[in-house]
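Reviewing the structure listed below.
Taken together, the values in this text are just the output of simple stated rules run on the coordinates, not laboratory data. Bear in mind that the values here come from a model prediction, so they are computed numbers and not experimental data. FYI the Cβ positions are ideal-geometry reconstructions off the backbone, even for glycines, and counts take in every protein chain you see.
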Amino acid sequence: MLDWFFQTPTPLLILLSALAAVYGWFHTTRNHRKISRSQHTFNALMSITLSKDWFDHINRVRPYVKDMTCPDLDSVDNEELYDSYRTILNTYEALAAGVRLGDISEDLFKASEKTVLIKFYGSVEEYIRKRRQKEGHETYHEHIEWLINRWKRNPPSMFRRFVEDLHGRPLPKGDHWKFFFWRLFLLSVICSAIFGIVYLLMQGI
């Protein structure tokens, strides 16, 4: 095969150049997506966490979060607290949904908000559970719960994170194997096609 390569290098070099171009396109596109997602996440976090209203809401709930307690948010005497808790919960729910769907950079969001979010969720977890029972909506703030489980209670393995990085977003537990084997199957088909083309070229066709 090496003799054939040096004797007629042009077809194989064209094939290798095409493969290199496809890989370069895939790598560049993937990096562009990651950079774009990180920039979008940075802008979102800055616009939220640097606003005066956000600071007011955080400062209002801070004593309760510090003590890992939650006031009676159904009381008419706690309307301001209810508004602050609702705003913070809805904001974090939207960001967690963005992480889950691959629109928000998990690494950047985690580095910025992990400690705050885990402590805040710990103080309102019982309240969320009661609201679900009362309203009959099991999906009430489900994305925050998913993210807390992912970060604290059931973190993904290194292999699962690798597969998710290829996919561009988190995958449901167990689905990373399906995605990995599907990509492996596609890679096998591509490699078989390449070897077939190389064989035909070696036969002089």
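For 142, 106, which order do you get if you count the other beta carbons within 10 Å of each Cβ and list the fewest first?
Working: 142 16, 106 21.
Least to most surrounded, the residues fall as 142, 106.
Go ahead and run the numbers for FRET between residue 138 and residue 76, Cβ-Cβ distance against an R0 of 25 Å, rounding to 0.05.
Numbers: r = 28 Å, r/R0 = 1.10.
Result of the calculation: an efficiency of 0.35.
Cα centroid distance between the stretch 37-51 and the stretch 98-165, in Å?
Rounded to whole Å, the Cα centres lie 18 Å apart.
Pull out the extension gain between residue 154 and residue 30, defined as 0.36 nm times the separation in residues minus the alpha carbon to alpha carbon distance; nm, one decimal.
Working: separation 124, 0.36 × 124 = 44.64 nm, distance 2.69 nm.
Working it through step by step, the gained length comes to 41.9 nm.
Please give me the summed charge of the neighbours of residue 131: other residues whose Cβ is under 15 Å from its Cβ, Lys and Arg +1, Asp and Glu -1.
On the way: positive: 86, 129, 130, 132, 134; negative: 72, 74, 93, 125, 126, 135, 138, 142, 145.
Residues near residue 131 contribute -4 overall.
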